[in-house]
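Asker: Can you read through this structure? Questions will come right after.
What follows draws every value from the coordinates through simple rules; no lab data is involved. The structure displayed is predicted, hence computed values, not measured ones. Methodologically, a virtual Cβ is constructed for each residue, glycine included, from the backbone with ideal geometry; neighbour enumeration extends over all protein chains shown.
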Amino acid sequence: MPHNLSLQLATRSLCLEAGTLPRQALHAAERAVLDGIGVMLAASGASSDVIPFREYALARGGKPEARILGFNDPVAADQAAFVNGAMAHALDYEDAFDAVPLHPNASLLPAALASAELHGCSGREFLAAVVLGCDLVCRLGLSLRQRMESYGWYPPPILGAFGATLAAARIARLTPRQLCDAWSMLLCQNSCAGEIKYSPDATLRAVREAFPAQAAVTCVQLAAHGVRGFDAPFEGKAGFYRLFAGGDYDEQPLLAGIGEVFWIEQLSFKRWPTCRGTHAYIEAAQALRQAARLDPQRIESFLCIGGDIQQMLAEPRQSKRAPRTLIDAKFSLPFVVAMAFTHPEIDLESLSSRALADAAVLDLAARSEFQRDPSWDAEHAAGGKLILRLRSGETLQHEVARAFGEPSRPISDALLRAKFVDCASHAAMPLTRERAHCLAERLLNLDREAAVTNLLRQL
């Protein structure tokens, strides 16, 4: 293997034969593809935030190379990745890697789909691209010894872009040197400011994955046409690690078990269309409500206890208690927990823009508090503790160490199918239940598909 770290990562990712990947990793990728495509389909009809992206892509024209999911619009490959990328996170319903935390497939899948339509590939090769691209994103996150947030960055789309580029490059059959070139060009345009967390009126947090998905496809195409990049885009003296983390990283998580251990097998899948950090609290609220047969009118106030990650979802207090955009509501512990107490379920129907004016939710959210527990570290990223104070003076509490959907408490294939069918019914061009069930079955057996494009046409 080459000593150059960047080239080593590229070589190991591109030269690994798809046929050598374990069935467990391939099936994990099938689950991620099923879930991700379903979420994008739902966003095409359920998120107004993606409309400007589609209008922009249609206005651009160009050679029809790939399609916008949910609308069936043929556009240029980079524009398809752009719009599908906007839809991938618009509902905050996609898979997650709790350990960092990240959404490793949010920009990867739109880029890989565009590349597959442009270049063609088998189902197995597509899955291999997803497995290896996702693995790189997770490894990059695990390798950081200095938090990117310390430098003002917002990590998920930045890290995700490198995996998206790898996946698109593998499908496009680039060489390891060309992949380094593509990563180099990505460095020249890949960014996401941490300010995305602090502006309550902004919708960028919803559609942020459009930019890395488009960049990935563009960089791969330019690399294929011979644009030469840097020798060491990751470890160079002014490369990724120096720019985004002060050069403080550990090679061991990057290389240990690479090609043998695949982090895609450790993804969490979402039961509710909200930030993953809210899920433990939703579970706790539903458990308390059910166990005590609780009428929301009996609740005086509630207290969420958590660590740094959960604190981000509770502050600033006033804007989180009364969010002004749907994406901010999905990142609000006060709002989401209040909804869990006042609604039978949190789903695509209940969590729409109408929910922002729900008087019962807003009233209860206004009586919420957050308490930071300094002992909660990254291991508690998917956990949460909820304490209720009732009007009678009684207190109730419930703690969830790891929210439903993570590997130790996985969502079954059957539940993922049901989620896909529901998502497909919310698409701009809704699919019938029968057709959605058929497509879900094919996506969960994507390894058997001779050509991904044949399946994508059915969407």
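For (1) farther than 30 Å from residue 326 by Cβ; (2) under 17 Å from the mean Cα position of the chain (by Cα); (3) crowded, with 24+ Cβ neighbours inside 10 Å, each residue gets a yes or a no:
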| residue | (1), (2), (3) |
| --- | --- |
| 100 | no, yes, no |
| 125 | yes, no, no |
| 137 | no, yes, yes |
| 143 | yes, no, no |
| 154 | no, yes, no |
| 171 | yes, no, yes |
| 183 | yes, no, yes |
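Asker: Taking the criterion of being in contact with a helix residue (DSSP H, G or I) (Cβ under 6 Å, 6 or more places away or on another chain) and over 23 Å from residue 82 (Cβ atoms), would at least one residue in region 160-181 satisfy it?
Answerer: Yes, region 160-181 has at least one match.
Asker: Further question: Residue pairs, Cβ under 9 Å, 6 or more apart or interchain, first in region 98-109 and farther than 23 Å from residue 218 by Cα, second surrounded by 24 or more Cβ atoms within 10 Å (Cβ to Cβ) and of a type in the set (S, T, N, Q). List them.
Answerer: 98/268; 101/268
Asker: Given the conditions (1) touching a Leu at 6+ places or on another chain (Cβ under 9 Å); (2) more than 18 Å from residue 396 (Cα to Cα), and given that residue 317 satisfies all but one, which numbered condition is not satisfied?
Answerer: Checking residue 317 against (1) touching a Leu at 6+ places or on another chain (Cβ under 9 Å); (2) more than 18 Å from residue 396 (Cα to Cα), the one that fails is (1).
Asker: For region 274-307, name all the residues that are part of a helix (DSSP H, G or I), polar (S, T, N, Q) and touching a Lys or Arg at 6+ places or on another chain (Cβ under 7 Å).
Answerer: none
Asker: For region 208-237, which positions are surrounded by fewer than 24 Cβ atoms within 10 Å (Cβ to Cβ) and among the aliphatic types (A, V, I, L, M)?
Answerer: Result: 222, 224, 227, 232.
Asker: Mind telling me which of the residues 20, 11 ends up being without any contact (Cβ under 8 Å) to a residue 40 or more places away in the chain, of a type in the set (S, T, N, Q), within 30 Å of residue 257 (Cβ to Cβ) and out of contact with any His (no Cβ under 7 Å at 6 or more places or on another chain)?
Answerer: Answer to the selection: 20.
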